[in-house]
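Chemist: Handing you this structure, nothing more for now.
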Amino acid sequence: MFDKHRLDVLLGRYFDQTLTPQQREQFELRLESSAEARAAFWKYARIHNLLRELAQQRTSDRFVELSLVAQGGEVENDSRDIELMFQDECVESTLLRRRPSIYQVLMGVAASLALLLAAWHITRPVAPLARPPHTVIASSPVEIVSKAVAVVTGAVGIESEAHRHAYNVGATLDPGIIKLQKGFLQIDFFSGARVTLQGPVELKLVSTMEMECLSGRLSADVPPQARGFRINTPRMDVVDLGTSFGMDVDSDQMEVHVFTGEVELHNENGKVRSLYEGQAETVNESGRLRSFTSVPDQFVRSKGLRNRLEANFRDRHQRWLSDGDNINQDPSLLFRFDMQNPQENTLNNRVRHTPSTADGLIVGGSWTTGRWPGKSAFAFSSISDRVRLSVPGQFDSVTLAAWVRINGTERLYSSLFMTDDFFPGALHWQVYHDGRVLLGICPPDGQHADFYSSKSINSGLLGQWIHLSVVYDSQAREVRHYLNGAPASRESVRFSQPVRIGKAELGNWNPGSRPIRYPMAEEPRPIRNLNGSMDEFEFFTRALSDAEIQNLHLQGAPW
Amino acid sequence: MLKKQTAAEKQAEAAAAHLAAVQALFVDHLPIVRSLVLALWPDFDGANDIVQETFLTVNRRAASFKLGTDFTAWVASIARFKIKEAWASKYRSFEILSPKIVDSLISTMPGESDRQLELSALKECMERLSPKAGAIVEMRYEQSHSLKEIGDRIGWTAGSVHVALSRARMLLRDCVHAKLAKAQ
């Protein structure tokens, strides 16, 4: 019997992609056996489609409004962001609907929407209403949101129960508890206030202008832009009036030392006292105050921490250089770009035992600071930035590894390492726009098999140096992804196919020589440039083990 | 003096005109292609990829399409192939219908409808949603948030978000249906 209610439940789950395998089986059975169920499917699907279409129209309406406000002069319709443009078809058609006269002028008598597609090929200025050059708008743009109120700008010798990468330099911090057993952590609030913590310490971030110190020692530098920055403690609140000061909180008492400027002490009865440069006060359990002269040396301040950080960085950099000499000797290593000693057009391959592999050729891009001060990295930012490689031979298994700092994943796919062509054995190592890392392999049938990591490069990892690696292991018949040395997925491969690379690129994709998919020279190609920097890249012609990947990560970790 | 066109040039010109005509047909049929793909692959990003792949194949195989024949059937068969291709790859992260059911559904897909009429009926019906339900629909369909992301924002579980979305869709389905029936 046709159970409409049950079918509605299954339809809802299907369109929200939450069907369990059992429910899917039930759903299919109903669809297969009942014409009424199939009609109900299409009726439900119509609402799913219409909701999406209406949403996209609204989005595009907003885009039109914005573009009309934002654009004054001549704007190029650039064919280069074709991959995303196609998804924006509704944006374009809304533009046309809203401005028929311009459209007619633009497109002439043919007046066919087909010219919209043809317009992809046009690189000359075509219309004042076209998108700004290189502006990337997803089909339904999602505002990226973050609760972060501060960022880690320095860390030395941290011991904490938090996630091991939670306090890496560059990590953003959401409101919540920070608890350090040991070490020094420098936090820059988005308001401009800088706080240096000395473990053991426990505090709570509240907002960009407020925190609570539950216990431990800290110093704060508050510039005029962050005047009013507040630190609450169990005994008293401290409101900074543009100054630097230190604070020591324990279960019996708290001390405030003013180094420069002025702070206000607010007690629980609402009374306010001011404390000036060179002054310090203690508040004990009974709330009694004792005044004395401040002792700045008692606190590690931002400058002191910087000295420690620099010493730590120098040490890490030196250790990585000496470990690198050993890695370079690995007979299975085909490429290693350590990004040391930057050159204008060449990325030096440190592997010299394999004469057939050459250096990388730089096209566009620029050099930037790498994991440590004085260490360089290669920055990809424009859609033309890339490093060209030529990789001869074929390999049963491979391992790719890279230190990267990804600024954003706006593209549908952002390239890490991609072969130009996609013939059997070709590899496409990319970051999907949702932050998952993807290894695409072309199997013997010429189709594609995609292997996604289970962990994502989420917004907390953007802007940080992270270690990515992927292993294609033909013996174990699996693909393994790793993020910062830890396994991030392990999936089995159903086919047997040696890896073949040929021409390839770091940080971009040149699909120009793909005769099947892009038969015409003028046909637009997808844009997949990486928005970020690369500080090291290795290509091994064997499957590295979990332990070896972990070791590779530890040897290159910047902290 | 004007240069006389060679046979090869004429042929190339005819091929270009044919390709432009096929592309125009594709754009005309885009709503139906999108509807078909999004129904059979309800994930927005995945559906976009498939529509894009369909266009690339239409472009590549344009020469094999005879103008004047059934373009809907031709493009639907390409989209169907692309769905199957995506199904076979490891791309999917959710349970998708098997190829047999996809075929069965495609054969019963309703014909073209008055899109503008449907959209204006939907707009009116959406005003009947509660503010919370409206916000959830917007987060899902306009901002493409997952059920979990929506739940995190409003302090609900993903399951509760799914229930609210399902109810909203059913209400809208019945409301749009009633309005269109009245309009006819």
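Chemist: Please state which one of A:Pro200, A:Pro223 is open to solvent by 30 Å² or more (accessible area, probe 1.4 Å) and at pLDDT below 90.
Modeler: Being open to solvent by 30 Å² or more (accessible area, probe 1.4 Å) and at pLDDT below 90 holds for just one of A:Pro200, A:Pro223, which is A:Pro223.
Chemist: Tell me yes or no: at least one residue of the stretch B:92-102 is under 20 Å from A:Thr18 (Cβ atoms), at pLDDT 85 or above, of a type in the set (A, V, I, L, M, F, W, C) and touching a Leu at 6+ places or on another chain (Cβ under 7 Å).
Modeler: yes
Chemist: In the stretch A:447-465, how many are open to solvent by 20 Å² or more (accessible area, probe 1.4 Å), within 14 Å of chain B (Cβ to nearest Cβ) and in contact with an Asp or Glu (Cβ under 7 Å, 6 or more places away or on another chain)?
Modeler: 2
Chemist: Moving on. Checking A:Met254 against (1) open to solvent by less than 10 Å² (accessible area, probe 1.4 Å); (2) modelled with pLDDT under 90; (3) closer than 22 Å to A:Gly370 by Cα, which single condition isn't satisfied?
Modeler: Against the list (1) open to solvent by less than 10 Å² (accessible area, probe 1.4 Å); (2) modelled with pLDDT under 90; (3) closer than 22 Å to A:Gly370 by Cα, A:Met254 comes up short only on (3).
Chemist: Suppose the filter is part of a loop (DSSP other than H, G, I, E, B), on the phi < 0 side of the Ramachandran plot and modelled with pLDDT of 90 or more; does A:Gln497 pass it?
Modeler: Considered against the rule, which asks whether it is part of a loop (DSSP other than H, G, I, E, B), on the phi < 0 side of the Ramachandran plot and modelled with pLDDT of 90 or more, A:Gln497 comes out as yes.
Chemist: Output yes when any residue across the stretch B:37-49 is within 8 Å of another protein chain (Cβ to nearest Cβ), over 15 Å from the mean Cα position of the chain (by Cα), in contact (Cβ under 8 Å) with a residue 24 or more places away in the chain and not in a helix (DSSP H, G or I), and no when none is.
Modeler: no
Chemist: Could I ask something else about it? Of all residues in the stretch A:229-242, which are open to solvent by 10 Å² or more (accessible area, probe 1.4 Å) and in contact with a Gly (Cβ under 8 Å, 6 or more places away or on another chain)?
Modeler: Within the stretch A:229-242, A:Arg235, A:Val239, A:Leu241, A:Gly242 qualify.
Chemist: Identify the single condition in (1) at pLDDT below 90; (2) buried (at least 17 other Cβ atoms within 10 Å of the Cβ); (3) of a type outside the set (Asp, Glu); (4) under 20 Å from the mean Cα position of the chain (by Cα) that B:Tyr141 does not satisfy, given that it satisfies every other one.
Modeler: Of (1) at pLDDT below 90; (2) buried (at least 17 other Cβ atoms within 10 Å of the Cβ); (3) of a type outside the set (Asp, Glu); (4) under 20 Å from the mean Cα position of the chain (by Cα), only one is false for B:Tyr141: (1).
Chemist: Are any residues in the stretch A:292-318 hydroxyl-bearing (Ser, Thr, Tyr) and open to solvent by 80 Å² or more (accessible area, probe 1.4 Å), and if so, which ones?
Modeler: A:Thr293
Chemist: What do you reckon, is A:Leu10 at pLDDT 90 or above, open to solvent by less than 10 Å² (accessible area, probe 1.4 Å), facing another protein chain (nearest Cβ under 9 Å) and in contact with a helix residue (DSSP H, G or I) (Cβ under 9 Å, 6 or more places away or on another chain)?
Modeler: In short, no.
Chemist: Moving on to the next point. So which residues in the stretch A:149-167 are closer than 20 Å to A:Gly370 by Cβ and either open to solvent by less than 10 Å² (accessible area, probe 1.4 Å) or over 18 Å from the mean Cα position of the chain (by Cα) (or both)?
Modeler: Within the stretch A:149-167, A:Val152, A:Gly154, A:Ala155, A:Val156 qualify.
Chemist: I would also like to ask the following. Can you confirm whether the stretch A:38-52 contains a residue that is touching a His at 6+ places or on another chain (Cβ under 6 Å), open to solvent by less than 50 Å² (accessible area, probe 1.4 Å) and at the interface with chain B (Cβ under 9 Å from one of its Cβ atoms)?
Modeler: no
Chemist: Name the one entry in A:Gln22, A:Gln17 that is at pLDDT 85 or above and closer than 27 Å to B:Glu149 by Cα.
Modeler: After ruling out the rest, the residue left standing is A:Gln17.
Chemist: Now a separate question. Just one of the numbered conditions (1) within 19 Å of A:Glu536 (Cβ to Cβ); (2) in a loop (DSSP other than H, G, I, E, B); (3) in contact (Cβ under 8 Å) with a residue 60 or more places away in the chain is not true of A:Leu462; which one?
Modeler: Answer for A:Leu462: the failing condition is (3).
Chemist: Could you check how many residues of the stretch A:280-289 are out of contact with any Phe, Trp or Tyr (no Cβ under 6 Å at 6 or more places or on another chain) and either open to solvent by less than 40 Å² (accessible area, probe 1.4 Å) or not assigned by TED's automatic domain parsing to the domain that holds A:Arg230 (or both)?
Modeler: Summing the residues that are out of contact with any Phe, Trp or Tyr (no Cβ under 6 Å at 6 or more places or on another chain) and either open to solvent by less than 40 Å² (accessible area, probe 1.4 Å) or not assigned by TED's automatic domain parsing to the domain that holds A:Arg230 (or both) in the stretch A:280-289 gives 3.
Chemist: Return the only residue of A:Leu265, A:Leu275 being within 21 Å of A:Met211 (Cα to Cα) and in contact with a Lys or Arg (Cβ under 8 Å, 6 or more places away or on another chain).
Modeler: Result: A:Leu265 is the single residue among A:Leu265, A:Leu275 that is within 21 Å of A:Met211 (Cα to Cα) and in contact with a Lys or Arg (Cβ under 8 Å, 6 or more places away or on another chain).
Chemist: Residue by residue through the stretch A:203-220, note down the ones that are in contact with a helix residue (DSSP H, G or I) (Cβ under 9 Å, 6 or more places away or on another chain) and either in a loop (DSSP other than H, G, I, E, B) or open to solvent by less than 10 Å² (accessible area, probe 1.4 Å) (or both).
Modeler: Across the stretch A:203-220, the qualifying residues are A:Thr208, A:Met209, A:Ser219.
Chemist: Next question, about the same structure. Check B:His18, B:His29 and return the single one that is surrounded by 18 or more Cβ atoms within 10 Å (Cβ to Cβ) and modelled with pLDDT of 80 or more.
Modeler: B:His29 is the lone residue from the list that is surrounded by 18 or more Cβ atoms within 10 Å (Cβ to Cβ) and modelled with pLDDT of 80 or more.
Chemist: Touching a strand residue (DSSP E or B) at 6+ places or on another chain (Cβ under 6 Å) and open to solvent by less than 40 Å² (accessible area, probe 1.4 Å): is that true of A:Glu277 in this structure?
Modeler: no
Chemist: Identify all residues within the stretch A:24-36 that are within 8 Å of another protein chain (Cβ to nearest Cβ) and more than 15 Å from B:Ser104 (Cα to Cα); write none if there are none.
Modeler: Hit for the stretch A:24-36 is A:Arg24, nothing else.
Chemist: Right, next: Would you point out the residue of the stretch A:375-418, among those that are modelled with pLDDT under 90 and in contact with a helix residue (DSSP H, G or I) (Cβ under 7 Å, 6 or more places away or on another chain), that is nearest to A:Ala311 (Cα to Cα)?
Modeler: Checking each candidate, the answer is A:Ile383.
Quick grid of which residues meet (1) more than 17 Å from A:Gln198 (Cα to Cα); (2) part of a strand (DSSP E or B); (3) free of Cβ contacts under 8 Å to residues at least 24 places away in the same chain:
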site: A:Pro234; (1), (2), (3): yes, no, yes
site: A:Val239; (1), (2), (3): yes, yes, no
site: A:Gly242; (1), (2), (3): yes, no, yes
site: A:Met247; (1), (2), (3): no, yes, no
site: A:Gly270; (1), (2), (3): yes, no, yes
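The values are calculated or read from the model by the stated rules, or taken from the named source; none is laboratory data. No experiment lies behind these values; they were computed from the predicted model shown. Reconstructed Cβ throughout: ideal geometry from the backbone, glycine too, with neighbour counts over all protein chains shown. Note: areas computed on protein heavy atoms with side chains; ligands, DNA, RNA excluded. Shrake-Rupley method; radii C 1.70, N 1.55, O 1.52, S 1.80 Å.
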